[in-house]
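Each remark here refers to the structure printed beneath this line.
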Amino acid sequence: MSITVCLPRSAAKRVDEAVAEAMAPFAGDGVGGVERDLWNSYRICGSLGLPVLAGHEGDPRLIADRPRWDGSLEPALPGECAGGPRVLIDFRDALRAEAADHAGRVWDRWQEEVSRHPDPDDESVFFHRHLAAAGTRDSYETSQEAADYRAQPAVRAWADVAPVLARPDIAEHFSFGWDPVGIGQRSREEYASTYEFSLLPLRNVLTLSGWWYELGDAPLHGACHGPLECVHEPDFGMEHERAQAYLIALPAETLLVNVRCHV
């Protein structure tokens with residue numbers, strides 16, 4: 001697995017040592033202080049690394065690959081690097097704008113459809129009604145309650161609109177195989193920001209304050225053995241978009257280093 005290690009600008013002249021210090025609490029084989037073994041070897045690596053901002057590929061502040069065990073280098077893809085100041089990393093503004101713009105258009109269209117019909121009830125209302133009538137989770141989809149949900153005028157109208165707006169390349173959410181009523185339960189800004197980072201690659205992050213964020217798992221703090229005894233406040237929630245937003249908001253000279261771990 002790979003993780004983006006965040007370092008203060010003061011680490012620019014001692015990157016290897018600073019990465020080692022940040023990674024140490026999470027080492028495997030009982031060496032690190034954290035109860036979960038998260039790596040047993042690692043290397044600063046540009047393969048599947050961080051995209052360089054166009055026009056800055058030759059900037060001397062970029063961090064080069066470290067050799068493999070046999071002294072060879074793993075070729076990085078064009079336009080990628082092993083790390084550098086946050087200001088030199090391309091966070092794909094165009095892709096973020098595309099995803100957010102599409103989500104905004106979906107929100108607008110849902111509001112337009114709802115304005116023409118009575119406000120629909122959320123599908124959970126029909127699901128719980130089904131359970132109250134001795135139905136089960138498995139039997140809901142073919143039940144009368146499910147049919148009643150889909151028969152609501154706004155939901156029925158949305159079924160005709162949704163195929164035109166489907167963008168599963170942005171997020172599976174935009175296949176609309178779910179309850180669309182939730183679209184209007186958030187503001188336009190909140191809804192769009194949820195999908196802003198959908199087109200960006202998923203990233204694990206080790207934050208400046210020592211939080212290890214690995215996608216799908218609760219964050220771990222390097223100063224604590226485990227979550228039960230940890231008294232530190234996490235930097236952000238577990239969601240992919242929160243990790244991306246954290247990286248973008250870091251000071252410009254913060255170092256981001258791509259580290260490939262053997263786990």
Inset, instruction - Output yes when any residue across segment 16-30 is over 26 Å from ALA218 (Cβ atoms) and not polar (S, T, N, Q), and no when none is. - result: yes
Inset, instruction - Inspect segment 14-26 for any residue being part of a loop (DSSP other than H, G, I, E, B) and either buried (at least 19 other Cβ atoms within 10 Å of the Cβ) or assigned by TED's automatic domain parsing to the domain that holds VAL205 (or both) and give the result as yes or no. - result: yes
Legend entry - Residue check for ASP29: farther than 21 Å from PRO251 by Cα, of a type outside the set (Phe, Trp, Tyr), outside any strand (DSSP E or B) and within 21 Å of the chain's Cα centre (by Cα): no
Inset, instruction - Taking GLY32 as the residue in question, decide whether it is at pLDDT below 90, within 22 Å of GLN244 (Cα to Cα) and either of a type in the set (Phe, Trp, Tyr) or assigned by TED's automatic domain parsing to the domain that holds TRP212 (or both). - result: no
Legend entry - Out of GLU241, GLU196, GLU214, GLU189, sole residue that is crowded, with 19+ Cβ neighbours inside 10 Å, among the acidic types (Asp, Glu) and touching a helix residue (DSSP H, G or I) at 6+ places or on another chain (Cβ under 9 Å): GLU196
Legend entry - Matching residues in segment 98-123 - criterion: being over 22 Å from TYR195 (Cβ atoms) and in a helix (DSSP H, G or I): SER115
Legend entry - So ARG203, is it of a type in the set (D, E, K, R) and surrounded by fewer than 16 Cβ atoms within 10 Å (Cβ to Cβ): no
Inset, instruction - Note down all Cβ pairs under 7 Å where the first residue falls in segment 183-205 and is under 30 Å from VAL5 (Cβ atoms), the second is in a loop (DSSP other than H, G, I, E, B) and aliphatic (A, V, I, L, M), and they're at least six residues apart or on different chains. - result: TYR195/ILE170; TYR195/ALA171; SER198/ILE170; SER198/ALA171; LEU199/ILE170; LEU202/LEU215; ASN204/MET1; ASN204/LEU215
Inset, instruction - Search segment 27-76 for residues being crowded, with 16+ Cβ neighbours inside 10 Å and β-branched (Val, Ile, Thr), and hand back the single one that is farthest from PRO201 (Cα to Cα). - result: VAL34
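The values are calculated or read from the model by the stated rules, or taken from the named source; none is laboratory data. The structure displayed is predicted, hence computed values, not measured ones. Positions of Cβ are backbone-derived with ideal geometry, glycine not excepted, and every protein chain shown enters the neighbour counts.
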